[in-house]
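Okay, structure first, notes after.
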Amino acid sequence: MPRAVDLFEGPIPELDRFADHRDTKRCLVELTEAFGIKHATYLSATGGAAVDEGIHLTTTYGQDWIGRYIDCGYEAIDPVIALARKRLLPLDWSSIDTSARTVRNFFGEAHEHGVGNHGLSIPIRGPARASALFSITTDCNDDDWAEFRREILPRFQIVGYEFHKAVVEMEAGTAPAVAELTNREREILRWAAEGKTSWETGMILGIAERTVTFHMLGAIERLGCVNKTHAVAKAIRLGLI
Amino acid sequence: MIHIVDPTGYAEHRDLLDQMFVLRAAHFHTRRNWRVIVRDGREMDVFDDLGPVYVVNADENGRVRGSLRLLPTTGPHMLADVFPDIMDGEAIVRHPLIWESSRFNVDTKAVDGWSRQSINTATGELLAGLFEAAELIGLRQIVSVYDVAVARILARAGCDITPLGKKIHPDGLATVAGLFAVGPEVTAELRARAGLMGSVLAKESALRLSA
């Protein structure tokens, strides 16, 4: 049974720095455990000249399914891959057209290999136009899935994007740049560290609560974090505030 | 009726999008005299090449009467890449749950013969569709850059706007940015002011978004 862990409050797996593929895999395993889901998969294509150039795949799927997928050339059939290349909006696998026999058989076989009966894929757009796809799958009934999906969709949009950034940095071989914060961001994080809400910080700084939230979200993202608690802790650790 | 069209729907909605680009040329080039590039009577820019999500208002006969364009701030977008001066030294904000709306237009010609109230309805419907879609996507905020005349229209329609950064004057046009609240209160306010009873999204768009 999936659990809608509150990413905006609680602790989450570290996904701001990956040394190698073991880290990316471990991160996905931790996410599936935290959310009580079956699988998580990250796939990116940086659009290099060769077909397999710049492709990164990290998944918790079992070796038998991965082997089967590759042997049968399922990337040519998998409708998620086809849609993800051009899509910007999240994709619930239950909305995929399964009228074609090849597609029905593909999902049937995936299910037999323990992929799960529900799936959600989130397209990711980076600054350099590199595109990626973050997918989760699980087994549950349709009502539980609808509720779970509504709750976790924004959280996995954040997780997917931060995961993508960390992978891009890992593959470029660059250590993640130490984020530079503007004075305003430092102020906002400092007041958050004092336990102030965005509304209170806005009152103190004489700016709108929404403006505080806007700059806070920007700072969270640049620090490679997924929530405010995480960002405050990291800013303190790095001596930024 | 509001259509939400992302790249997976471009082919299916080719006619709507073509009308949209023609209306954008009429609105931004002919009427407002912006420095935009018009080719074959259609206005397009580099951001249209990035596979944006279009929010299109069309009447029951499929005639387009307004549109806007959505892009995630994690990728290239106008505030970061065209108007960074607005931020006045503050960092560009990128976040997967903050998207940018641009090329907002409601064509008064398309609603020719309508009352002033109908023009407002076309605007209200477009914005109600935008914020309904934003809620379904799970967005926290929407950011947008526009000129001061548009700021008044947006506020009158019922948007909840906080000004962002400073006013700039590209091509002598007073241009500002705003942060828009997303949530059920905003959607309800937009609907109330436009006299809308419920969802304005085309069935297929609603399905695509909640999918």
Check which residues have an amide H placed less than 5 Å from B:GLU100's amide H, if you skip close sequence neighbours. B:LEU71, B:THR73, B:VAL143
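Quick one: grab the alpha carbon gyration tensor of the range A:21-172, order the square roots of its eigenvalues as a ≥ b ≥ c, and give me rounded if a/c is under 1.5, else prolate or oblate depending on whether a/b is larger than b/c. Working shown, then result.
On the way: a/c = 1.42, a/b = 1.15, b/c = 1.23.
Taking the square roots of the gyration eigenvalues as a ≥ b ≥ c, the range A:21-172 is rounded.
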Is the shape of the range B:152-211 best called rounded, prolate or oblate, per the rule: a/c under 1.5 gives rounded, else a/b larger than b/c gives prolate, else oblate, with a ≥ b ≥ c the square roots of the Cα gyration tensor eigenvalues? prolate
Which residue, A:GLU221, A:GLU169, A:GLU194, tops the fluctuation ranking in a GNM of chain A built on C-alpha contacts under 10 Å? A:GLU194
Return the tail of the calculated pair distribution for the range A:118-241, meaning the percent of Cα-Cα pairs more than 26 Å apart. 35 percent
Measuring from the lowest to the highest alpha carbon on each principal axis, how far does the range A:183-237 reach, largest first, in angstroms? 27, 19, 18
Which of the residues in the range A:216-241 lose at least 10 Å² of accessible area when you go from the chain alone to all protein chains together (probe 1.4 Å)? A:LEU217, A:GLY218, A:GLU221, A:ARG222
Take chain B, connect every pair of alpha-carbon atoms lying under 10 Å apart with a spring to form a Gaussian network, then pick out the residue of B:ALA26, B:ALA181, B:ALA149 with the largest mean-square fluctuation. B:ALA149
Please list, ordered by chain and number, the residues whose modelled amide H lies under 5 Å from the amide H of B:ALA181; skip anything fewer than 5 residues away on the same chain. B:ASP160, B:THR162
Note every residue of the range B:90-109 with a reduction of at least 40 square angstrom in accessible area, all protein chains present versus the isolated chain, computed with a 1.4 Å probe, or write none. B:GLU90, B:ALA91, B:VAL93, B:ARG94, B:HIS95, B:PRO96, B:LEU97
Top of A:GLY67, A:GLY126, A:GLY202 by mean-square fluctuation, Gaussian network on chain A, Cα under 10 Å: A:GLY67
Using only Cα atoms, find the angle between the long axis of helix A:142-172 and the longest principal axis of chain A, and express it within 0 to 90 degrees, rounded to the nearest 10. 80 degrees
At a cut-off of 40 Å², which residues of the range A:86-102 become less accessible once all protein chains are present than in their chain alone, using a 1.4 Å probe? A:LYS86, A:ARG87, A:LEU88, A:LEU89
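For the protein assembly as shown, what percent of Cα pairs sit more than 31 Å apart? Working shown, then result.
Details: 43989 of 101926 pairs.
It works out to 43 percent of all Cα pairs.
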Using only Cα atoms, tell me the angle between helix A:21-35 and the longest principal axis of chain A; keep it within 0 to 90° and round to the nearest 10. 90 degrees
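The values are calculated or read from the model by the stated rules, or taken from the named source; none is laboratory data. What you see is a predicted model, and the numbers here were worked out from it, not measured in a lab. Keep in mind that these areas ignore ligands, DNA and RNA; they rest on the heavy atoms of the full protein, side chains included. Shrake-Rupley method; radii C 1.70, N 1.55, O 1.52, S 1.80 Å.
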